[in-house]
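In what follows, a structure is listed as structure tokens, so that the remarks can point back to it.
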Amino acid sequence: MPLTLARAHAETGRLVDVVVVPLQGVDGADAEGSIVVFEDVTSRARLEEQLQISDKMASIGLLAAGVAHEVNTPLTGISSYTQMLLDRADPDDPQTKLLEKIERQTFRAAKIVNGLLTLARGGQASNERAPVDLNTVINDVLSLLEHQFRAVNIQVRRDLSATPPIVVGTEHKLQQVFLNLFINARDAMPRGGWLSITTRASGGWATAEVGDTGAGIPAEHLARIYDPFFTTKPIGQGTGLGLSITYGIVGEHEGTISCDSRPGEGTRFTLALPLMPAAQRAATGGAQARG
């Protein structure tokens, strides 16, 4: 008996299984019609997807445990030797500032590795949150990548809010968010282009937009860009974890992230994070935001 099976997305965004079976006449006569059965399988599909993600994240946890051990060991050595050199360095020597930068980034790298381990294991981060100025975070991350941008002729356009967009968060995790977005933008513009960063603080929200003039993302891939291990980069050039981790960190900070992309025109990510309430800033005595 002929049978038609199909799966389709309804206009409401739900997933529906459709089964069409011919309705046979009496004594084998020609079909008099069809029976159409619709089954809403949205919940089941989401559970299956969550299970797949859980399995993948469990694999990340095992990988991260090994990475944390292998990476933290040399980082400890680098940090120790840097501190020894700083103890003997002349504060007026220009090289001293380079040593201080190495020390800061070594600590930051250790925090990122440990943060990845916490995220992969599904545990809660123990880091205390504090006021963080997104403008400062963006400038710090850009300073790390400025040489790479120059090497591939990427120009940076900044339009940062005059009013500091201060949020309550974990500094090194927010640095990781922008590092991932900037690296993706760099990879999307191998022959150069423009990287635009805009921040705004209004309506109780700190908004940051990161746009590039790269190749763009095909429409059929947009729904999956935050999935663990999904990447549009060539084999060996992407792990598919950057945006997944970014999405998780933004969620931890009670924020949202969205993407607008057109092939051949570029990509723009928009982040929105709750601004630190004025009353809370006053209660902390106008504490200096970290960055």
Test set (1) under 27 Å from Thr270 (Cα atoms); (2) at pLDDT below 70 - Glu128 fails condition number: (2)
Yes/no for Ile112 being under 30 Å from Gly255 (Cβ atoms), surrounded by 15 or more Cβ atoms within 10 Å (Cβ to Cβ) and at pLDDT 90 or above: no
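Is it the case that some residue within region 212-235 is open to solvent by less than 30 Å² (accessible area, probe 1.4 Å), within 24 Å of Leu174 (Cβ to Cβ), within 14 Å of the chain's Cα centre (by Cα) and at pLDDT 80 or above? Steps first, answer last, please.
Initial filter on region 212-235 (open to solvent by less than 30 Å² (accessible area, probe 1.4 Å)): 212, 214, 216-217, 225, 228.
The next check asks that each one be within 24 Å of Leu174 (Cβ to Cβ); those that pass are 212, 214, 217, 225, 228.
Still in the running and within 14 Å of the chain's Cα centre (by Cα): 225, 228.
Imposing the further condition that a residue be at pLDDT 80 or above reduces the set to none.
Within region 212-235 (the criterion being open to solvent by less than 30 Å² (accessible area, probe 1.4 Å), within 24 Å of Leu174 (Cβ to Cβ), within 14 Å of the chain's Cα centre (by Cα) and at pLDDT 80 or above), the answer is no, since none of the residues qualifies.
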First in region 76-90 and in contact (Cβ under 8 Å) with a residue 12 or more places away in the chain and closer than 18 Å to Ala109 by Cβ, second anywhere and surrounded by 13 or more Cβ atoms within 10 Å (Cβ to Cβ) and of a type in the set (Val, Ile, Thr), Cβ under 6 Å, 6 or more apart: Ile78/Thr106; Ser79/Thr106; Thr82/Ile102
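The values are calculated or read from the model by the stated rules, or taken from the named source; none is laboratory data. Since the model is a prediction, treat every value here as computed from it, not as a measurement. Glycine gets a Cβ as well: all are built from the backbone with ideal geometry, and neighbour counts include every protein chain shown. Surface areas here come from the heavy atoms of the whole protein model, side chains and all, with no ligands, DNA or RNA. Shrake-Rupley method; radii C 1.70, N 1.55, O 1.52, S 1.80 Å.
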